[in-house]
Amino acid sequence: MTVLEVRNLQKSFGTIRAVQDISFSVNTGEVFTIIGPNGAGKTTTLEMIEGLVSPDDGEIHFGDLSWSKNAVAIKKKIGVQPQSSAMFDLLTPEENLNLFASFYDHARPTDDILEIINLTDHRKNQVKKLSGGQRQRLAIGLALISDPEIIFLDEPTTGLDPQARRNIWDIILHLKQLGKTTILTTHYMEEAEKLSDRVCIVDQGNIITLDSPSALIEKLTNEREIRLSFLDGENAAEEADHFSRNLESVARTEREGTSLKVWAVKPEDTLLDLFKFNKEKAYQVEQVSIREMSLEDVFIAFTGKEWRD
Amino acid sequence: MYLLLLQARNGGIKIKHFHQFKMMLSAQLKLTLREKQAWFWGIFFPVILMVIFMVIFSGNSDEEFQSEIAIVDPNPNPASEMLFTQISGLPVFDVKTGTPVSREKAEEWVKGQEVDAAIILPESADASSVLLIVNKEDEQGAAVQAVSGILDKFVQQANLFAAGAEPSFELQYKSVSSGSNELDYTDFLLTGMIALSIAQGGMFGMVDLVEMRRKGLIKRLRMTPANMGIFGLSDMVMRLLFSIIQIILLSLIGVLIFGANLYISPISLVVVFLMGALSFNALGYFFSSFSKTTEAYMGVANIVSFLMMFLSGVFFPVETMPEWLQPVSNVLPLTYFADGLRESMVYETSVISGTLWFGIGVMVIWGTITFILGSWLYKRKAIVADR
């Protein structure tokens, strides 16, 4: 069932066309991720959906509800964690949550939220004393206090260390188990791949592609990247390079010093051929790996640009 | 405050919003209590400023000027004895040891600055000069000048008396104040300081709004169904509570430590206080509407508050300022706020008073104009104008 539908959104700030034409729909219970480099239009898109920025053109529907007619009803349905950690620094997590709870008719108990965001131990510390990851979890907690159907998380892991990021992922996966719909923005490909049911890649205000992470990778190509590193010097690598280029399943190769990258449609067959070749020549190989294509490769393939974090 | 207006437009506060108000007010109180800056600038700073000014300018005002002198009567005779009795009878002079001393002793005291001056009485009934010996270092000092002036006047009177003439003119000195109750400097300064600290509370206090906007908190609250009118109202109630603490604390210090006399007209005080506090909050709200950073805001608030502090008769009456500056004072809201507080806290002026309402009118005009300008600027900048 569709909980959110966005059609032909457009927004300019002065001469900058932040969002050119964005349309998508989100289904109940899925984690829907908008990914793109900085300045791609992710946050503007999200803020239009959240009702903070009015679009120049386009439509936003939450089922039958729209911002122009049902603002209060929508606000009760959605929970928003904005990019800046906007909360009262001099209040404790508990006090922040209680205050936000008072804005809603049917708020979830503060204790439950503290449990979900794993801040029960810090409930009585002032927010200004919390770490970046703890603040971010509280920001998510504030978005959950109204027990919303749809949760918007705008770059929840930006600037956090790996452990803190993983804690946030756990919360997002927990929300999915609870049957919530989550709309997430990130500029970490790894995160999108791990968490999302569907990913929407945006660049320069347009959707480049939209599908499940695995389908996107599949759609792009069925090539896999094989990496080999030779112990017998550059000559060995060069000969292996030459050999693999003549193989049928190999699309292209790339050599740098003693290491070789081979992109192949059937990586298993190619590897077998390469091992045979090495055995004949008595070349020793130090490392072999097959890398799955990632969303990063999808991005590069679609935009022709390097991915930058 | 613009939120208040929004609220009014939405048709008043509903009872179901009471819980929201209670939670918001409790949050506001906690925020203020935990903010050290608020305590420093709102409570500690005005108290210190008032104490310093009171100690410097009014600490000795109740005591008469008194100077310690030595009198030398080298050759006691009826005339010199009469002069001695009269001079030592002057309340401004405190004659060291109470009796005439030798000239050597007197000069030693003057050199050692143990006395402000030594007076050498005429050596015989026929001699007529009275000699005043002072320390070179103190020659231009206030005490020596005063002693010399007083002695000069005394000698003139003695001359007239000796000539048997009655002075044709005499200077009579009497101080008056405009109200029914006497206003001394302590009362003047106390009421001025109360006005200043409430005004500063309003002008500086809205820095929270800039900070909240910068941190995205206002945006964040707008994402919830929170009633922003109630949020504004709770903010305002908290500010008024804080100002009431300021009034009580400053008044207590003024009355108990510096002996200020207050004759309060409660209704006038409440009206002046509310109108003044709201107007200065509107001023702060206006500053916040065009300040992107807290630094910018503090800069503007500092300039305005500094100018007003010295041009609005907080420390010294407006009348003592150069004439060309007075028209400036006469348009500043703080002038009328300080005057209003003086009327209602010292003169016990009833709420039905033309002067009182003229002052309130000026403050309300300031409040209204800055509030409208501020709201307009906020609205112009708001990404979504009406939500």
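The values are calculated or read from the model by the stated rules, or taken from the named source; none is laboratory data. What you see is a predicted model; the values in this text were computed from it and never measured. Cβ sites come from the backbone with ideal geometry, for glycine too, and all protein chains shown count toward neighbours. Ligands, DNA and RNA are stripped out before the accessible areas are found, and what is left, the full protein with its side chains, is counted by its heavy atoms. Shrake-Rupley method; radii C 1.70, N 1.55, O 1.52, S 1.80 Å.
Annotations
- Calculated accessible area for the stretch A:222-292 comes out at 63 Å² per residue, all protein chains present (probe 1.4 Å; ligands, DNA, RNA ignored).
- The residues of the stretch A:2-218 present an accessible area of 38 Å² per residue when probed at 1.4 Å with all protein chains retained.
- Among beta bridges that DSSP assigns inside the stretch A:152-229, antiparallel share in %, nearest 5: 60 percent
- Here r is the Cβ-Cβ distance between A:D56 and B:I245 and R0 is 45 Å; the resulting FRET efficiency, rounded to 0.05, is 0.35.
- Computed from backbone phi with θ = phi - 60° and the Karplus coefficients 6.51, -1.76 and 1.60, the 3J(HN,Hα) list for the stretch A:78-86 is 10, x, 10, 10, x, 5, 6, 7, 7 Hz; x is used for glycine and proline.
- Working note: Cα gyration tensor of the protein assembly as shown, eigenvalues times five, square-rooted, sorted largest first, giving semi-axes of 83, 33, 20 Å.
- Database remark: amide H of A:T209 closer than 5 angstrom to the amide H of A:I201 (H placed geometrically; neighbours at sequence offset of 5 or more, or on other chains; Pro and chain starts carry no H).
- Note on the stretch A:192-248: with neighbouring protein chains present and a 1.4 Å probe, carbon and sulfur make up 40 percent of its accessible heavy-atom surface.
- Most mobile listed residue (A:I151, A:I183, A:I208) in chain A, GNM with C-alpha springs under 10 Å: A:I208
- Computed from the C-beta positions of B:W324 and A:N27, the FRET efficiency with R₀ = 51 Å rounds to 0.10.
- 3J(HN,Hα) from dihedral phi, the stretch A:196-205, Karplus parametrisation 6.51/-1.76/1.60, rounded to Hz, x for glycine, proline: 8, 7, 9, 10, 10, 8, 10, 8, 6, x
- At least 40 Å² of accessible area lost relative to the chain alone, listed for the stretch A:42-61 with a 1.4 Å probe: A:L52
- Surface exposure of chain B, expressed per residue as accessible area with a 1.4 Å probe, stands at 53 Å².
- A Cβ-based charge dipole, computed about the Cα centre of the protein assembly as shown with Lys and Arg at +1 and Asp and Glu at -1, lands at about 2940 debye.
- Accessible surface ranking that places the most exposed of A:F243, B:F231 first, with a 1.4 angstrom probe: A:F243, B:F231
- Span-like helix criteria (full DSSP H runs; alpha carbon extent of at least 30 Å along the helix axis; mean Kyte-Doolittle hydropathy of at least -0.5) are satisfied in chain B by B:142-163, B:228-252, B:266-290, B:354-381.
- Sorting A:F13, B:F306 on solvent-accessible area from highest to lowest, probe radius 1.4 Å, gives B:F306, A:F13.
- Amide H contacts of A:N27 (H built 1.01 Å from N, under 5 Å, at least 5 apart or other chain): A:V3
- Calculated P(r) tail over 18 Å for the stretch B:215-365, as whole % of Cα pairs: 67 percent
- The label point for B:E295 and the one for A:Q284, both projected 7 Å from the Cα toward the Cβ, are 6.2 nm apart.
- On association of chains B and A, roughly 2700 Å² of accessible area becomes buried (total for both chains; probe 1.4 Å).
- Amide proton proximity set for B:V351, modelled H, under 5 Å, gap of 5+: B:S268
- Rounded accessible area of A:R17 (nearest 10 Å², 1.4 Å probe): 130 Å²
- Compared with its chain on its own, the stretch A:91-136 contains the following residues whose accessible area drops by 30 Å² or more in the full protein assembly (probe 1.4 Å; ligands, DNA and RNA excluded): A:L91, A:E95, A:L99, A:F100, A:S102, A:F103, A:Y104.
- Coarse-grained scattering of the stretch B:307-364 at q = 0.19, 0.24, 0.29, 0.30 Å⁻¹, given as base-10 log I(q)/I(0) from a Debye sum over alpha-carbon atoms: -0.64, -0.95, -1.18, -1.22
- Only protein heavy atoms count here; on that basis, with a 1.4 Å probe, B:L377 has an accessible area of about 30 Å².
- Heavy-atom accessible area order for B:L33, A:L4, largest first, 1.4 Å probe: B:L33, A:L4
- Think of the protein assembly as shown as a dipole: +1 on every Lys or Arg Cβ, -1 on every Asp or Glu Cβ, centred on the Cα centre; then among B:V115, B:L196, B:G216, B:G216 lies furthest on the positive end.
- Here the Karplus curve 6.51 cos²θ - 1.76 cosθ + 1.60, taken at θ = phi - 60°, turns the phi angles of the stretch A:289-300 into couplings of 8, 10, 9, 5, 6, 10, 4, 4, 5, 4, 4, 5 Hz, with x standing for Gly and Pro.
- Volume per residue that the Cα convex hull of chain A spans, once the total is divided by residue count, Å³: 164 Å³
- Chain lengthening between B:T97 and B:V155 when straightened (0.36 nm per residue, less Cα-Cα): 18.6 nm
- Sum of -39500 (n - 2.57) over DSSP H runs of 4+, divided by residues of chain A (222 nm, nearest 500): -11000 deg cm²/dmol
- Once exposed loop GluC sites (Glu not before Pro) are cut out (DSSP; at most 10 other Cβ, 10 Å), longest piece of chain B: B:171-387
- At R0 = 30 Å, FRET efficiency that the Cβ-Cβ distance of A:H242 and A:E296 yields, to 0.05: 0.55
- Once the Cα atoms are used to define both axes, helix A:162-177 deviates from the longest principal axis of chain A by about 70 degrees.
- Taking the DSSP beta bridges with both ends in the protein assembly as shown, the antiparallel portion is around 60 percent.
- Accessible area of chain B belonging to carbon and sulfur atoms, whole % at 1.4 Å probe: 63 percent
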